[in-house]
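Since the structure comes first, as structure tokens, the remarks are kept for the end.
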Amino acid sequence: QVQLVESGGGLVQAGGSLRLSCAASGRTFSSYAMGWFRQAPGKEREFVAAISMSGASTYYADSVKGRFTISRDNAKNTVYLQMNSLKPEDTAHYYCNANPSLGRLSNPGNLERWGQGTLVTVSS
């Protein structure tokens, strides 16, 4: 099981950009598909993006498609989320998670062991 630490959140104006990082411990990082999720105040946690073990395949929620890019560096045990054209509705705590099955990352209810997350606040 990998342990994950998210970073890179902050306060940004609408239209701005941020890059989130998720650092993983352990030697088996490349054996896991990775995903980013977010939870806004008063709302349930939702899927944002996922990437396959090799990085060859990526998937996005419709709400972020064309604005966010997920990537990974298996040599650095890190997955990234580049967020461009940010909107106030992107304000949330952002979390990463790992699973051997890419498909299971589509539903955060399938996952356990959430980290602290990193807060993204987009001002209008």
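Just a few scattered comments:
- Restricting Val79, Val5 to residues that are more than 18 Å from Asn107 (Cα to Cα) and open to solvent by less than 30 Å² (accessible area, probe 1.4 Å) narrows the list to Val79.
- Any hit, the stretch 58-71, residues being in a loop (DSSP other than H, G, I, E, B), touching a residue at least 40 places away in the same chain (Cβ under 8 Å) and of a type outside the set (D, E, K, R): no
- Any chance Ser85 is surrounded by fewer than 19 Cβ atoms within 10 Å (Cβ to Cβ), of a type in the set (Ser, Thr, Tyr), under 18 Å from Leu4 (Cα atoms) and modelled with pLDDT of 95 or more: no
- For the stretch 101-111, the criterion of being touching a helix residue (DSSP H, G or I) at 6+ places or on another chain (Cβ under 9 Å) and part of a strand (DSSP E or B) is met by no residue.
- Within the option set Thr78, Thr58, Thr121, Thr69, being within 19 Å of Gln1 (Cβ to Cβ) and of a type in the set (Val, Ile, Thr) holds for one residue only, Thr78.
- The set of residues in the stretch 30-43 that are in contact (Cβ under 8 Å) with a residue 60 or more places away in the chain and under 15 Å from the mean Cα position of the chain (by Cα) comprises Tyr32, Ala33, Met34, Gly35, Trp36, Phe37, Arg38, Gln39.
- Annotation: Arg38 fulfils all but one of (1) open to solvent by less than 30 Å² (accessible area, probe 1.4 Å); (2) part of a strand (DSSP E or B); (3) out of contact with any His (no Cβ under 9 Å at 6 or more places or on another chain); the unmet one is (3).
- Residue among Val122, Val48 that alone is of a type in the set (Val, Ile, Thr), within 13 Å of the chain's Cα centre (by Cα) and open to solvent by less than 20 Å² (accessible area, probe 1.4 Å): Val48
The values are calculated or read from the model by the stated rules, or taken from the named source; none is laboratory data. Everything quoted here is computed from the prediction, not taken from an experiment. As a convention, Cβ positions derive from the backbone with ideal geometry for all residues, glycine included, and neighbour counts pool all protein chains shown. When the accessible area is computed, the model is the full protein with side chains, heavy atoms only, and any ligands, DNA or RNA have been set aside. Shrake-Rupley method; radii C 1.70, N 1.55, O 1.52, S 1.80 Å.
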